[in-house]
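The values are calculated or read from the model by the stated rules, or taken from the named source; none is laboratory data. Here the structure is a predicted model, which is why all the values come from computation and not from measurement. The accessibility values were calculated without ligands, DNA or RNA, using every heavy atom of the protein model including side chains. Shrake-Rupley method; radii C 1.70, N 1.55, O 1.52, S 1.80 Å.
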Amino acid sequence: MLWVRPNRVGGTEFYIRNILEGLKQISDKFEAILILSKDNFLTFEKYFTDKRFKKIVCNVKSENVIKRVLWQNLHLNALLRKENIGICFEPIYSKPFFTSKKIKFITTIHDLQALHYPTYQNKYKVVWLRLCWKNSINTSHKIIAISNFVKQDITNNYKVPLDKVLVVYNAINIDLDNVTSFNDISKKYNILQNNFYYTVSSLAPHKNLITIIKVMRDIKYKSIDLPNKLVISGIGGSSKDEIYALIEKYGLEENILLTGFINDADRNALYKTCKAFLFPSVFEGFGMPPIEAMAFKTSVITTKKASLYEVTEGKALYVDNPYDVNEWIKAMIYLKNLPVQKIELSKYDSMCIARKYLNFFSKINYGKL
């Protein structure tokens, strides 16, 4: 858990915390040792009332990424040997480059975004990510992909046997009762129930928010009979400046609200009360927000790109061309007469997913994988 910077790393943090919630809820016997940093261990304290969870707090801070990476490569191996830990689960690509063959690493790869969109990151980070992926794929005992799309992407781009890559969907741990009252939300964001659109997204280029801003521009200035308010929740990204500039250029300051980081209760209220959830992304390893929105019986319009059609089970409304403003508007109009498709959440249940992980780990213990 050394890489976790609370409320700073987006979906990957939700990913691991949802698995931990699932582990806590099940009755299976296990021992989980969380390797934590000096500046994040307090955010995991609730797990240690359960005797199955133990912690090791390392002399490093997650906030300082370079020092954390160096510490992990120089000291993690020795720590694992000292503590007699034979299986190390790395929930992201940060597996050390040099490790003992006696320690079996299980590494999750969430996507290969920088491989497909290298211009979205600076060139040094792209090189670093590619090195990390190659190292993880070549030296991990098993790789976990969070969707069939990601597995296919890994096997297409790297020489890796199919049976080395296991697919386990992300756990979705969402409390449908943890919802802020709409009166509070309405005052906070100046919105009316069922009269605004919502999205949860970083401000990265592949999230394609630029297209949705242009959609809102057309709705406003062409007097299209659709809600002319959009709320966007999420942490920053490299398109942030461009997004704010476009909002100002089109005079949409009163029409588009960016909330930044948002707590679960407020987010759930927005999921529940929006006209529709819009998710224009063109690249997702999984894509949790559309599923979360559908859990609140909210209509979703998204794309067929990457994993999105797979994980939403074909139950959303899809645009064929994610960059076509007119197609988005037609979908939003068509949605008025479309019944809401409810998704079955059981396959994403935290306990179900956590048990899948335990099953993998126990087989490794007994030499079956």
Requested in this report: Kindly write out, for the stretch 39-48 in residue order, the coupling ³J(HN,Hα) from the Karplus curve 6.51 cos²θ - 1.76 cosθ + 1.60 (θ = phi - 60°), rounded to whole Hz, with x marking Gly and Pro.
Outcome: 10, 10, 5, 5, 6, 10, 4, 5, 6, 8
Report summary line: Of 266, 225, 320, the most mobile residue in a GNM of the chain (C-alpha springs, cutoff 10 Å) is 225
Report summary line: In degrees rounded to 10, the 0-90 angle between helix 148-157 Cα long axis and the longest Cα principal axis of the chain is 70
Query raised in the report: Once amide H atoms are built 1.01 Å from N in the peptide plane, which residues 5 or more positions from residue 144, or in another chain, come under 5 Å H to H?
Result: 107, 108, 109, 166
Report summary line: Per GNM of the chain with C-alpha springs under 10 angstrom, the most fluctuating residue out of 13, 242, 90 is 242
Requested in this report: Mind ranking 83, 313 by accessible surface for me, highest first, 1.4 Å probe?
Outcome: 83, 313
Query raised in the report: What percent of all Cα-Cα pairs in the stretch 86-193 falls in each 5 Å bin, counting up from 0?
Result: 2, 11, 18, 17, 13, 9, 6, 8, 8, 5, 2, 0
**Report entry** Convex hull volume per residue for the chain, taking Cα atoms only, in Å³
**Finding:** 142
Query raised in the report: Under a GNM of the chain (C-alpha, springs under 10 Å), which listed residue has the highest mean-square fluctuation: 85, 343, 109?
Result: 85
Report task. Tell me which residues come under 5 Å, amide H to amide H, from residue 55 once H is placed; ignore anything under 5 positions away on its chain. Result -> 34
Report task. Round to the nearest 10 and give me the degree value, 0 to 90, for the angle of helix 240-249's Cα axis relative to the longest principal axis of the chain. Result -> 0
**Report entry** Calculated [θ] (222 nm, deg cm²/dmol) that DSSP helices of n ≥ 4 give over the chain, each run adding -39,500 (n - 2.57)
**Finding:** -11500 deg cm²/dmol
Query raised in the report: Hey, if you drop one equal point scatterer on each alpha-carbon of the stretch 248-335 and run the Debye formula without solvent, what base-10 log of I(q)/I(0) do you get at q = 0.14, 0.16, 0.18 Å⁻¹?
Result: -0.54, -0.70, -0.88
Query raised in the report: In percent, how large is the relative contact order of the chain, given Cα pairs closer than 8 Å and 6 or more residues apart?
Result: 16
